[in-house]
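As structure tokens, the structure follows; a few thoughts come after it.
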């Protein structure tokens with residue numbers, strides 16, 4: 001894996017005003033360092049976290065998707081974040097990964113936040129998606145997904161089988177098998193309220209430790225149209241739980257470079273993934 005540079009955009013958003021939010025993020029994109037590979041926008045970046053899905057939804061040919069494509073091409077970077085999308089009469093909280101000059105890839109939020117009634121207004125996603133950049137495998141998730149470690153488990157059946165086979169052959173260190181984990185970076189976009197900021201920070205760190213991966217979380221600041229306050233706390237954590245970036249409560253562009261060689265070395269030295277319990281996830 002080559003080094004991977006992430007720029008996280010943490011800001012307040014305009015309630016139910018996609019055009020204003022596109023202009024807001026366009027201004028922030030002009031502040032992104034030239035060496036950034038991926039630029040991450042928060043959950044529902046064009047509207048705020050809203051249950052008015054029928055009112056604000058766009059389709060995959062809508063203005064915001066067109067804007068993402070345009071900006072990715074203009075800046076020569078991958079842009080990603082979630083927005084409200086309608087498809088075949090249903091509504092999704094959809095994470096979109098837009099490479100410059102390429103086709104978008106998307107992940108639909110699996111776990112809908114029932115305390116806000118999200119399960120009544122949005123359909124659930126049914127599949128995990130692993131993205132790639134610079135040799136990194138990236139698992140995108142959206143906000144409430146972060147609370148569900150089974151859905152986010154970073155272990156593959158064949159990785160454990162290969163480890164056992166190597167042990168039978170006398171290679172008790174199982175060197176080099178860590179690449180068979182599902183992903184290297186867990187990327188979470190969110191509108192996570194300030195009232196639960198301790199849970200946000202704790203879960204980001206825990207997901208990094210238990211999955212032997214980097215974790216990046218992007219949140220917003222300010223108060224939304226429902227009067228919910230957000231404290232930001234966007235950040236990046238390493239596989240030992242060390243915090244590598246802390247955006248605190250500021251609005252702006254926050255950038256860090258991830259070290260793939262250091263990740264591989266840690267996984268080889270501390271291969272806890274080989275002892276993970278086996279299970280089958282029914283989608």
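When the range 24-34 is examined, which residues are found to be without any contact (Cβ under 8 Å) to a residue 40 or more places away in the chain and either in contact with a helix residue (DSSP H, G or I) (Cβ under 7 Å, 6 or more places away or on another chain) or exposed (fewer than 13 other Cβ atoms within 10 Å of the Cβ) (or both)? 27, 30, 34, listed by residue number.
Is it the case that residue 224 is out of contact with any strand residue (DSSP E or B) (no Cβ under 6 Å at 6 or more places or on another chain) and within 16 Å of residue 190 (Cβ to Cβ)? Yes.
Within the range 119-141, at least one residue is touching a residue at least 40 places away in the same chain (Cβ under 8 Å), more than 22 Å from residue 214 (Cβ to Cβ) and within 16 Å of the chain's Cα centre (by Cα). The residues listed here are 96, 105, 85; of these, the one that is closer than 18 Å to residue 188 by Cβ and in contact with a helix residue (DSSP H, G or I) (Cβ under 9 Å, 6 or more places away or on another chain) is 96. Of the residues making up the range 241-281, those that are in a loop (DSSP other than H, G, I, E, B) and either touching a residue at least 60 places away in the same chain (Cβ under 8 Å) or surrounded by 17 or more Cβ atoms within 10 Å (Cβ to Cβ) (or both) are 247, 250, 251, 259, 271, 276, 278, 279, 281. Would you pick out the residues in the range 134-144 that are more than 25 Å from residue 84 (Cβ to Cβ) and surrounded by 14 or more Cβ atoms within 10 Å (Cβ to Cβ)? Scanning the range 134-144 gives 134, 136, 137. Assess whether residue 62 counts as being without any contact (Cβ under 8 Å) to a residue 24 or more places away in the chain, more than 17 Å from residue 217 (Cα to Cα) and crowded, with 16+ Cβ neighbours inside 10 Å. Yes, satisfied.
Out of curiosity, is residue 272 modelled with pLDDT under 95 and out of contact with any strand residue (DSSP E or B) (no Cβ under 9 Å at 6 or more places or on another chain)?
yes
Is it true that some residue in the range 117-134 is under 26 Å from residue 199 (Cβ atoms), touching a strand residue (DSSP E or B) at 6+ places or on another chain (Cβ under 8 Å), assigned to a strand (DSSP E or B) and modelled with pLDDT of 95 or more? Yes, the range 117-134 contains at least one residue that is under 26 Å from residue 199 (Cβ atoms), touching a strand residue (DSSP E or B) at 6+ places or on another chain (Cβ under 8 Å), assigned to a strand (DSSP E or B) and modelled with pLDDT of 95 or more. For residue 146, are the conditions met, namely being at pLDDT 95 or above, over 22 Å from residue 260 (Cβ atoms) and in contact with a helix residue (DSSP H, G or I) (Cβ under 9 Å, 6 or more places away or on another chain)? Judged against the criteria, residue 146 is a match.
Here residue 229 fulfils each of the conditions (1) surrounded by 15 or more Cβ atoms within 10 Å (Cβ to Cβ); (2) within 16 Å of residue 194 (Cβ to Cβ) apart from (1). Any residue at all in the range 232-240 that's free of Cβ contacts under 8 Å to residues at least 24 places away in the same chain and farther than 22 Å from residue 131 by Cα? Scanning the range 232-240, I find no residue that is free of Cβ contacts under 8 Å to residues at least 24 places away in the same chain and farther than 22 Å from residue 131 by Cα, so the answer is no.
The values are calculated or read from the model by the stated rules, or taken from the named source; none is laboratory data. Only a predicted model underlies this, so the values are computations on that prediction, with no experimental measurement involved. Cβ coordinates were reconstructed from backbone atoms using ideal geometry, including for glycine residues, and neighbour counts include every protein chain displayed.
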